[in-house]
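First the structure, in the form of structure tokens, and then the observations on it.
Please treat every number below as a calculation from the coordinates, not as lab data. This is a predicted model, so every value here is computed, not measured. So basically every Cβ, Gly included, is an ideal-geometry build from the backbone, and we count neighbours across all protein chains shown.
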Amino acid sequence: MYTLTTDETSRRQVDALPAEALAPFAELRAVLEVAPWNGQPNHRDKPDTPMRAMSFGPDGQATSST
């Protein structure tokens, strides 16, 4: 299992999420803790880089660096 951290800039962005995005965002974090490599590569030309993009909610996207 992986541990996720949130820096101060990201924390402010999370705090600004609308209420309806909080549950999908929490689900995304749970997925990242167990399977961070399941997302799509952030750069198609460089699929082996440690950045992944995962969608959450109807319009959201998150990018993680592993």
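Applying the Karplus relation 6.51 cos²θ - 1.76 cosθ + 1.60 with θ = phi - 60° to the stretch 6-13 yields 3J(HN,Hα) values of 10, 6, 5, 4, 5, 4, 5, 5 Hz, where x marks Gly and Pro. Annotation: amide H-H contacts under 5 Å for N42 (H modelled 1.01 Å from N, sequence separation of 5 or more, or interchain): M51, R52, A53.
Orientation-averaged projection of the chain equals 4.6 nm² [convex hull of Cα atoms, one quarter of hull surface area]. The angle separating the long axis of helix 19-34 from the principal Cα axis of greatest extent in the chain is about 40 degrees. A simple charge model with +1 on the Cβ of Lys and Arg, -1 on the Cβ of Asp and Glu and nothing else charged puts the dipole of the stretch 8-65 at about 160 debye relative to its Cα centre.
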